[in-house]
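For reference, the structure discussed in these notes is given below.
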Amino acid sequence: MKPPQFEYAAPATLPEALALLAHPDGDAKPLAGGQSLMPVLAFRLASPRLLVDLRLLQGMDRIEVDASGVRMGAKVRWRDIERDARLKTALPLMAEAIGHVAHYQIRNRGTVGGSLAHADPAAELPGIAVACDATIEIASTRGSRSVAAADFFEGALTTVLQPDELITAITFPAWPAGRASAFEELARRHGDFAMAGTAVWFDLDTAGRAMNTHIGVIGASDRPRRLAAAEAKLDGQVIDAQSIGEAACAAAGACDPADDLHASAAYRRNLVGVLVERALARALAGTKGSGTAINRSGESH
Amino acid sequence: MEVSFKVNGHAVKTEVEPRTTLSLCLRDNLKLTGTHVGCEHGVCGACTVIVDGEAVRSCLTLAVQVEGRSITTVEGLADGDALSPLQAAFRRHNALQCGFCTPGMLTTAHALLTDEPHASADRIREVLSGNLCRCTGYLPIVEAVLDARAAYGGPASDATTGHGAGR
Ligand SMILES: Cc1cc2nc3c(=O)[nH]c(=O)nc-3n(C[C@H](O)[C@H](O)[C@H](O)COP(=O)(O)OP(=O)(O)OC[C@H]3O[C@@H](n4cnc5c(N)ncnc54)[C@H](O)[C@@H]3O)c2cc1C
Ligand code: FES
Ligand code: FES
């Protein structure tokens, strides 16, 4: 279908964009890459009065990497992440997951800010953001605020963003060398949204026991989330086949997927267990320097 | 609203509603009907065009968003009536049957090989995973793109006979 009618503005500065979003007539929506908003409009799931195109805004398209971590402007596109070799060590989970995000043409336009605001429960970046304790920076004419990714997503396609607010950036804490991590997902067609996926990481203490374990899942709930019950099975333990099995079992039990067109709830729950098990095994293999990280076709090249 | 951009090297100026997608603007306003519209929500890839060197879905792009940019459609690939090397490879390999998906396959592959003339078969398959074909079964398309690499400065292919070798 064709999109419904709307007005269009392409402001040149952030203050102008924020003023348009705060307009008393209301019902204005930011337009970034359009790779989610255009389908939403085509299906007539939204009919905003005004689209505020972010394309002319300057300085929001940079990836910065320093000792404090990684900062990505809201207009950073998937292709920018895909081509940034620094992320392989600065944010390895994102570097690994990016090969699963949408298709070639969509990666040329889709953005970080749009993905966070759209909040698809199966989208990779929101999952990585929650799993890696990221912070989302938000601006409006009322000022700016920062929200932890864990508090940002409220449900499917729902976030704490107010209609007059714009995401300006996302920041990730520094990633120490030697941290174990892995990302796994299953999708029907490469590049389509995942049926389920997981991002896992942990540190090892001097005795070789896991600490700081983070297990995030996508597609397994109405929002990306961490599975505390599964993490608890690993913290303080030696990571081996047995503890991994227990964590995977706890993960499957802790998620609450819904039945939908693509898979039943039971299938998804089982899938989460399988993916968590695979990811933990691969993360563990990485700590042993055995170089068994699987490079399936489709992961970043 | 008035929008100005370049299509296949020619400057154009046309009047559109804000909601007019680039695909409709190309087809209806500019009568460039080579760009096909399948799903109109970003899934099939038939509508792919190249904007400033990057392959994008024209059904997910508004015409007003390409103000001042330079667009290549499937009509811009051939030199007059002479097929481009990529198009000729598609023909040689029987990489099209009904032809509905072909404009999107060609523009996507052209953008890819221009950027990455050495793209591997896996890379080509990954990139084309965003384009649906209901006829060919994809194998001849991948073979045609592999074969066309040489024309972009990539490796010469040994799969010159086509006709679904490897099927
Ligand atoms: C066929 C297909 C497959 C896809 N597969 C995947 C996939 O596997 N994984 C995945 O993660 N995504 C996938 N996507 C979605 C894609 O990644 C989108 O690019 C992304 O979700 C939205 O980014 P955008 O820049 O295009 O945002 P838009 O479409 O422009 O905007 C999306 C929403 O965010 C709002 N918004 C945009 N920018 C901001 C901002 N800075 N501040 C506040 N609100 C903002 C808009 O108002 C809108 O509500 C797929 C899309 C398609 C069409
Ligand atoms: S018509 Fe644009 S992707 Fe299908
Ligand atoms: S040739 Fe018919 S859809 Fe591809």
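Return one whole number: the accessible area per residue of the range B:85-152 in Å², for a 1.4 Å probe. Don't skip to the end; give the middle numbers.
Values: 2550 Å² over 68 residues.
Each residue of the range B:85-152 exposes 37 Å² on average to a 1.4 Å probe.
Projecting the Cα atoms of A:A207, A:A248, A:V217 onto the charge dipole of the range A:194-287 (Cβ charges, centred on the Cα centre) puts A:V217 farthest toward the positive pole.
Mind checking the dipole of chain B: about its Cα centre, +1 per Lys or Arg Cβ, -1 per Asp or Glu Cβ, Debye to the nearest 20? Display every interim value, and only then the final one.
Numbers: 14 positive and 18 negative charges, 70 e Å.
Computed charge dipole of chain B: roughly 340 debye.
Note on the range A:78-92 and the range B:118-135: Cα centroid distance 22 Å, given to the nearest whole angstrom.
All Cα-Cα distances of the range B:85-152, cut into 5 Å bins from zero to the largest, leave 3, 21, 35, 28, 11, 2 percent in each bin in turn. Taking a point 7 Å from the Cα of A:E154 along the Cα-to-Cβ direction, the residues of the range A:222-261 with backbone N closer than 18 Å to it are A:222-225. Each 10 Å bin from 0 upward holds the following percent of the Cα-Cα pairs of chain A: 6, 28, 35, 21, 8, 2, 0. Accessible surface buried at the B:A interface totals approximately 3000 Å², computed with a 1.4 Å probe on protein heavy atoms.
With the simple model of a label 7 Å out from the Cα in the direction of the Cβ, A:Y267 to A:A232 spans 3.1 nm. Put simply, the Cα atoms of the range B:2-74 extend 28, 25, 19 Å along their principal axes, the longest span coming first.
Only protein atoms count toward the accessible area here, which uses a 1.4 Å probe; on the protein assembly as shown, the carbon and sulfur part of that area reaches 52 percent.
Taking every DSSP helix (H) stretch of at least 4 residues in chain A, weighting each as -39,500 (n - 2.57) and dividing the sum by the residue count yields a mean residue ellipticity at 222 nm of -8500 deg cm²/dmol. With the charge dipole of the range A:1-131 set up from +1 on Lys and Arg Cβ and -1 on Asp and Glu Cβ about the Cα centre, the Cα lying farthest toward the positive end among the listed residues A:G59, A:L20, A:V101 is that of A:V101. Stokes-Einstein diffusion for the range A:194-287, with the hydrodynamic radius set to the Kirkwood value over Cα pairs and evaluated at 25 °C in a medium of 0.890 mPa s, equals 188 µm²/s. Among A:A251, A:A265, A:A230, determine the one that fluctuates most according to a GNM of chain A built with springs between C-alpha atoms less than 10 Å apart. Evaluated over chain A, the most mobile residue of the options is A:A265. When the range A:145-298 is described by a simple charge dipole with +1 on each Lys and Arg Cβ and -1 on each Asp and Glu Cβ, the residue from A:P163, A:G191, A:A285 located farthest towards its positive end is A:A285.
Just how large is the dipole of the protein assembly as shown about the Cα centre, in debye to the nearest 20, putting +1 at every Lys and Arg Cβ and -1 at every Asp and Glu Cβ?
Details: 45 positive and 53 negative charges, 139 e Å.
Dipole about the Cα centre, nearest 20: 660 debye.
Kirkwood analysis of the Cα pair distances in the range A:7-53 returns a hydrodynamic radius of 11.0 Å. Note on A:R79 and B:C135: with the Förster distance fixed at 45 Å, the Cβ-Cβ geometry gives a FRET efficiency of about 0.95.
What is the gain in length, in nm to one decimal, between B:R91 and B:D122 on full extension, counting 0.36 nm per residue of separation less the C-alpha to C-alpha distance? Present the calculation step by step, with values, prior to reporting the outcome.
On the way: separation 31, 0.36 × 31 = 11.16 nm, distance 2.17 nm.
Extra length available between B:R91 and B:D122 comes to 9.0 nm.
Inter-label distance, B:A78 to A:D222: 5.4 nm, where each label sits 7 Å from its Cα along the C-beta direction.
Listed cross-link partners A:K75/A:K233; A:K2/B:K13; A:K2/A:K75; A:K75/A:K288; A:K29/B:K6; A:K75/B:K6 are compared with a 32 Å cut-off, the Cα-Cα value being larger for A:K75/A:K233; A:K75/A:K288. With R₀ fixed at 60 Å, the C-beta to C-beta distance from A:D205 to A:A22 puts the FRET efficiency at about 0.75.
Contact-buried residues of the range A:20-37, at a threshold of 10 Å² lost accessible area versus the chain by itself: A:L31, A:Q35 (1.4 Å probe; DNA, RNA and ligands ignored).
The values are calculated or read from the model by the stated rules, or taken from the named source; none is laboratory data. Here the structure is a predicted model, which means the values were calculated and not measured. Methodologically, a virtual Cβ is constructed for each residue, glycine included, from the backbone with ideal geometry; neighbour enumeration extends over all protein chains shown. We work out accessible area using only protein heavy atoms, side chains counted, and drop any ligands, DNA or RNA first. Shrake-Rupley method; radii C 1.70, N 1.55, O 1.52, S 1.80 Å.
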